Amino acid sequence: MGSSRILLVDDDVELCQLLQEYLEGHGLDVSMIHQGEPILDMADLEASYDLICLDIMMPGISGLTLLPAIRAKSNIPVIMVTGRGDDIDRVVGLEMGADDYIAKPCNPRELLARINAVLRRIERPSPVQQNT
């Protein structure tokens, strides 16, 4: 398998550039968009990306609005990476379908570890598949 393809969706351009540099330095292929609307027009997210890191607070459409739209058409893993770190925000994000949730500012190494953990989980065949 080639390098995993990560989509960063965050309006903070500087943060995205820093995360892109760090994650690419660890073998990931990272793309960025700085507003949520383009995701709504992407026909097949899973064909283009392996995981999305999604911010909640963006101008225009918020991550909490995007997440159900993503889930309606794809099972692509989503990690919420956001400045909203209250317990209720974390719970709501996870209940809406996020696979993980990390509050900003975050340690890039922790984000990398969380990305790798989610990717390992989706790459492992289920026990039913292993027995057939």
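Key figures for this structure:
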{"read-out": "E95, sole failed condition from (1) of a type outside the set (A, V, I, L, M, F, W, C); (2) farther than 17 Å from S3 by Cβ; (3) exposed (fewer than 15 other Cβ atoms within 10 Å of the Cβ); (4) touching a residue at least 24 places away in the same chain (Cβ under 8 Å)", "value": "(4)"}
{"read-out": "Any hit, the stretch 32-44, residues being under 15 Å from V118 (Cβ atoms) and of a type outside the set (D, E, K, R)", "value": "no"}
{"read-out": "Condition check for P77: out of contact with any Pro (no Cβ under 8 Å at 6 or more places or on another chain) and either of a type in the set (D, E, K, R) or surrounded by 14 or more Cβ atoms within 10 Å (Cβ to Cβ) (or both)", "value": "yes"}
{"read-out": "Y49 touching a Lys or Arg at 6+ places or on another chain (Cβ under 7 Å) and surrounded by 15 or more Cβ atoms within 10 Å (Cβ to Cβ)", "value": "yes"}
{"read-out": "Qualifying residue in the stretch 11-20 (condition: within 15 Å of L66 (Cβ to Cβ) and in contact with a His (Cβ under 9 Å, 6 or more places away or on another chain))", "value": "yes"}
{"read-out": "Selection from the stretch 95-126 of residues that are part of a helix (DSSP H, G or I), farther than 21 Å from G25 by Cα and either in contact with a Leu (Cβ under 7 Å, 6 or more places away or on another chain) or of a type outside the set (A, V, I, L, M) (or both)", "value": "E95, R121, E123"}
{"read-out": "Single residue of the stretch 55-86 satisfying the filter (among the hydroxyl-bearing types (S, T, Y) and outside any loop (DSSP other than H, G, I, E, B)) that is nearest to M32 (Cα to Cα)", "value": "T82"}
{"read-out": "Pair list, Cβ under 6 Å, 6 or more apart: the stretch 24-44 residue over 18 Å from G63 (Cα atoms), other residue of a type in the set (F, W, Y) and surrounded by 15 or more Cβ atoms within 10 Å (Cβ to Cβ)", "value": "none"}
{"read-out": "Any pair with Cβ under 6 angstrom, 6 or more apart, that starts in the stretch 10-23 at a residue that is under 15 Å from T82 (Cα atoms) and free of Cβ contacts under 8 Å to residues at least 60 places away in the same chain and ends at one that is among the charged types (D, E, K, R) and surrounded by 15 or more Cβ atoms within 10 Å (Cβ to Cβ)", "value": "C16/D10"}
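Laboratory data are not the source of any read-out in this text; all were calculated from the coordinates shown. Model, not experiment: these values are computed from the prediction. Virtual Cβ from ideal backbone geometry, glycine too; neighbours counted across all protein chains shown.
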